[in-house]
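Q: Dropping a structure here in structure tokens format, bear with me for questions.
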Amino acid sequence: MSALRSLPVRFSRFAEILLAAVPLPLAVVVYGYSLTLPFFLDDGPHFRILAQTNGLQQWGDFPAFPFYRPFVFTIWKAYGSWFGYDAVGMHALNLFTFGLCGVLVGQIARRASPDPYKRLIPMLAGCGFILFPFSYQAVAMVAALFHLVLALGLLLCLCLSVRWLDGHAGAPGLIGAWAAAFVALFSHENGVLTLPLLVGLALVVYGKITLSRRFWLLLLPIAGLTLLYLALWWSFRANTNTLSTDFGASLAALMQGMIYPFAALLRPLFTGDLHPALLLCLAAFILSTALLSLWQAVGQIRRAALYGMGWYVLAILPAVLFLPAGYVLGQMRLSLLASVGSSIFWGLIIARLLTPKQQQNLRPVRLIVAIALIGLFGYVSLEFLHMRRADFHLLRDYNRAALSIFAERNVIEDGAVLVNAPDYVFPDENDRRFLLGTEGVLFVDETLDYNQQFWMNSDVDYDNVEVIGYRQIQRNQGFGYRAHPPDLETAQVAEAVGDASHVFVTIFNGRRYWPEYVGGNALSGPDEPLVVYPETDFALTAGDADFDGATLRVRLRWQVNAPAGVKTFVHVYCDEQMIAQSDGYPWGDTYPFAFWQRGEIQTDVRTLHITASPGCLRIYAGLYREDTLARLEAVNHATGERLPDDLYPVELISVTDP
């Protein structure tokens, strides 16, 4: 009978454990797509650096890396020796670390809360951490493991420390707290916040700090580790940071994370960036209003809410003070650790609304407000994260497509030029969700060699691929797109591609973009004219096409004896109806005829994406003047007869099933 009576208690405890663990599967649901992503951003440099250490050198003076964060390099070195460096596994490491952090956030919030709120707060705070929208860069980028391990070590230290102070953990728990503090400190500079955050948590939980032997036994070794880290940092990296000259914008942008659902609600009322001072005033008003709702609550919940707010502010201060505002506005992952504080703060607000007072039913108004807040936080987060997931998918697909078409050509030996490769992708004005910041996805930092991106994802050195930007043919619509530099003018682009064996150009269609092969010096063909254009002394020496049911590739080989301002056109008909066309200069509009050498012969490749039956296709090509748009006279070189409508009928020589 006693066993039967204990079943409800056991079931209730089991349910609490399940609720507390919800952040981990939620992380998989929200960020599971990251397992399909390639390496990108500064992964290449990090692993180049990793190859220079035996796993221990980074613990000393290691000039190869500008920061003192040795522990994560040790993790990567160990992981690589056991499993090798694969994108799936290393993204999984980030994802699991992030999900585990969410569970620990819930446990810290639980211990900081009074008894009536302990059942709900772990799930609310933990899920709030997982859904914090500005963490998307930290989870999806392998190189952001520094931030994730920092958070994991700090949170684990706080959890174990409170258990030790409660008397529920013996020597293993105490040693575990020290070890977790060590992990946090030597993973990231912000690990030095471990000690003040631990003292603050003790004040919340106990109302005061009793200077007992147990307390000193916990804190003194952590303080010693902090001093050791600072001493090593000062010895090796003291000159790496200078104070920011514009910390107002950084502070406003990062404080926005504390009130992000309300910032999203107000977004339609503003154009462009909101002034930092106004954004800070807005944050102060919203947070003050939220705190007033706790005015009549018991002391511990007020302390816990203030602790959450203090955590957030303290955690963003290093970025605000030491990083340029422009960097902060584009790298909102810097608020990952700070989001622990906002999750605790808003989790307490919602938990109090959902928890009835003693021997009273839950008031409908409080229930409605709580549901509205949960819905608002959830909707804003999930919509924003869905948008960023789409951005990551497009960048992933671009990387895959580039490696695929490189493999089709002898790029490794011959070399190539890639035009308008993605560097940074961000929403345009109409799609922005917040009041300050770019909200974008950084693929390859503009200061880095783009070839590292291809090397990291293929284990092949593409040292001969030159990446350039050419804004005049960048036709992105509905989103912001920054091509990887250098940004060149027409003459410079023509010079770069004119010397290239293979040329690839980024094509835009709606919100999609991909690399496409457009030609290059490596393409050979007949040099005897088929069609001549006497007005400009041009000739067409070859023209054919192939079709696979979805993609039509047209190859036109041109001879230019007198460079002129002329453009090419290709018209595609299905029976009598035109279904596609491609106009412009050769090689994806990067190599105008006016820049060709006299007597130069090159093959232009044009790709059209169509849906049609091969039997109905008719393909025509020709030239027209770029100033008057008048079609040039086309003459059959063999017969001397002028072609009907000055159109050359391109032969479809190959048809394959889709």
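Q: Rank by packing, highest mean first: peptides 23-36, 247-260, with packing defined as the count of other Cβ atoms within 10 Å averaged across residues.
A: Per-residue mean Cβ counts within 10 Å order the peptides as 247-260, 23-36.
Q: Using DSSP to call loops (not H, G, I, E or B), can you name the trypsin sites (Lys or Arg not before Pro) in the stretch 205-288 whose Cβ has at most 14 other Cβ atoms within 10 angstrom?
A: Filter output for the stretch 205-288: 208.
Q: Rounded if a/c is under 1.5, else prolate if a/b beats b/c, else oblate: with a ≥ b ≥ c from the C-alpha gyration tensor eigenvalues square-rooted, which is the stretch 588-639?
A: prolate
Q: Averaging sequence separations of C-alpha pairs under 8 Å and six or more residues apart, then dividing by the length of the stretch 240-314, give the relative contact order as a whole percent.
A: Rounded, it is 32 percent for the stretch 240-314.
Q: So, one more: How big is the stretch 201-264 by the Kirkwood estimate over distinct Cα pairs, in Å?
A: It is 16.0 Å.
Q: Quick check on the stretch 480-619: take the gyration tensor over C-alpha atoms, sort the square-rooted eigenvalues as a ≥ b ≥ c, and tell me if it's rounded (a/c under 1.5), prolate or oblate.
A: Since a/c reaches 1.5 but b/c is at least a/b, the shape of the stretch 480-619 is classed as oblate.
Q: Cα centroid distance between the stretch 23-96 and the stretch 519-582, in Å?
A: Value for the Cα centre distance between the two parts: 48 Å.
Q: Which percent of the accessible heavy-atom area of the chain goes to carbon and sulfur, probe 1.4 angstrom?
A: Answer for the chain is 60 percent, counting heavy atoms of protein chains only.
Q: Could you tell me whether the stretch 91-237 comes out rounded, prolate or oblate from its Cα gyration tensor? Rule is a ≥ b ≥ c as square roots of the eigenvalues, rounded for a/c under 1.5, then prolate if a/b exceeds b/c, otherwise oblate.
A: Oblate is the answer for the stretch 91-237, as a/c is 1.5 or above yet b/c matches or exceeds a/b.
Q: A further question follows. Given bins 5 angstrom wide, list per bin the percent of all Cα-Cα distances in the stretch 281-415, short to long.
A: Once binned at 5 Å, the Cα pair distances of the stretch 281-415 give 2, 8, 11, 15, 15, 12, 9, 7, 6, 5, 3, 3, 2, 1, 1, 0.
Q: Mind jotting down the distance between the C-alpha centroids of the stretch 123-155 and the stretch 585-658, whole Å?
A: Each part reduced to its Cα centre gives a spacing of 53 Å.
Q: Mean separation of Cα pairs under 8 Å and 6+ residues apart, divided by the residue count of the stretch 298-457: what relative contact order is that in percent?
A: This gives 20 percent for the stretch 298-457.
Q: Using +1 on the beta carbon of Lys and Arg, -1 on that of Asp and Glu, and nothing else charged, what's the dipole of the stretch 538-601 about the Cα centre, debye to 20?
A: The calculation lands at about 360 debye.
Q: Next question, about the same structure. So for the chain, what percent of the C-alpha to C-alpha distances run longer than 47 Å?
A: For the chain, the fraction of Cα-Cα distances above 47 Å is 31 percent.
Q: Please give the per residue accessible area of the chain, computed with a probe of 1.4 Å over protein heavy atoms only, in Å².
A: Heavy-atom accessible area per residue stands at 43 Å².
Q: Run the lone-cysteine check on the chain: no other Cys C-beta under 4.7 Å from the residue's C-beta.
A: That list is 101, 127, 157, 159, 281.
Q: Okay, moving on. What fraction of the Cα pairs in the stretch 447-508, stated in percent, has a spacing above 16 angstrom?
A: 54 percent
Q: Could you check how many percent of all C-alpha pairs in the stretch 383-485 are farther apart than 18 Å?
A: 51 percent
Q: What dipole magnitude, in Debye to the nearest 20, does the stretch 230-371 give about its Cα centre under +1 on Lys/Arg Cβ and -1 on Asp/Glu Cβ?
A: Magnitude of the dipole: close to 580 debye.
Q: Under the 0.36 nm per residue contour assumption, what length would be gained going from the current alpha-carbon distance of residue 544 and residue 223 to full extension?
A: 108.1 nm
Q: Assign unit charges at the C-beta atoms only (+1 for Lys and Arg, -1 for Asp and Glu), then state the dipole size of the chain relative to its Cα centre in Debye, rounded to the nearest 20.
A: Result for the chain is approximately 5700 debye, rounded to the nearest 20.
Q: Considering only protein heavy atoms, what is the solvent-accessible area of residue 91 at a probe of 1.4 Å, reported in Å² to the nearest 10?
A: Taking all protein chains as shown, residue 91 has close to 0 Å².
Q: Something else now. May I ask for the Rg/Rh ratio of the stretch 1-149, computed from Cα atoms with Rh as the Kirkwood radius, given to two decimals?
A: 1.12
Q: Rounded to two decimals, what is Rg over Rh for the stretch 213-359 when you use alpha-carbon atoms and the Kirkwood radius?
A: Across the stretch 213-359, the Cα-based Rg/Rh ratio is 1.05.
Q: If you don't mind, another one. Lys/Arg Cβ at +1, Asp/Glu Cβ at -1, dipole of the chain taken about the Cα centre: which of 425, 562, 323 is farthest positive-ward?
A: Going by the Cα projections, it comes out as 323.
Q: Between 269, 310, 245, whose Cα lies farthest towards the positive end of the dipole of the stretch 209-325 when Lys and Arg beta carbons carry +1 and Asp and Glu beta carbons carry -1, centred on the Cα centre?
A: The residue sitting most towards the positive pole is 310.
Q: Sticking to Cα atoms, compute the Rg of the stretch 543-600 to one decimal and its Dmax as the biggest Cα-Cα distance, whole number, in Å.
A: Answer for the stretch 543-600, Rg first and Dmax second: 13.5, 38 Å.
Q: If you take the charge dipole of the stretch 9-164 about its Cα centre, with +1 on Lys and Arg Cβ and -1 on Asp and Glu Cβ, which of 40, 160, 28 is farthest toward its positive end?
A: 160
Q: Just order 620-630, 146-156 by mean Cβ neighbour count inside 10 Å, highest at the front, would you?
A: My ranking of the peptides, most packed first, is 146-156, 620-630.
Q: Based on the alpha carbon coordinates of the stretch 367-418, what radius of gyration and maximum Cα-Cα distance (Dmax) apply, in Å?
A: 21.0, 67
Q: Which order, highest average first, do 225-231, 318-324 follow once you tally other Cβ atoms within 10 Å for each residue and take the mean per peptide?
A: Per-residue mean Cβ counts within 10 Å order the peptides as 318-324, 225-231.
Q: Still on this model: Okay, helix-only estimate at 222 nm for the chain: each DSSP H run of n ≥ 4 adds -39500 (n - 2.57), divide by all residues, round to 500 deg cm²/dmol; what do you get?
A: Using -39500 (n - 2.57) per qualifying helix, the result is -15500 deg cm²/dmol.
Q: Need the C-alpha centroid separation for the stretch 251-305 versus the stretch 200-239, integer Å.
A: If you average the Cα positions of each part, the centres end up 30 Å apart.
The values are calculated or read from the model by the stated rules, or taken from the named source; none is laboratory data. Owing to the predicted nature of the structure, the values given are computational and were not obtained by experimental measurement. Glycine gets a Cβ as well: all are built from the backbone with ideal geometry, and neighbour counts include every protein chain shown. For the accessible areas, the whole protein counts, side chains as well, though only heavy atoms, and no ligand, DNA or RNA atoms are used. Shrake-Rupley method; radii C 1.70, N 1.55, O 1.52, S 1.80 Å.
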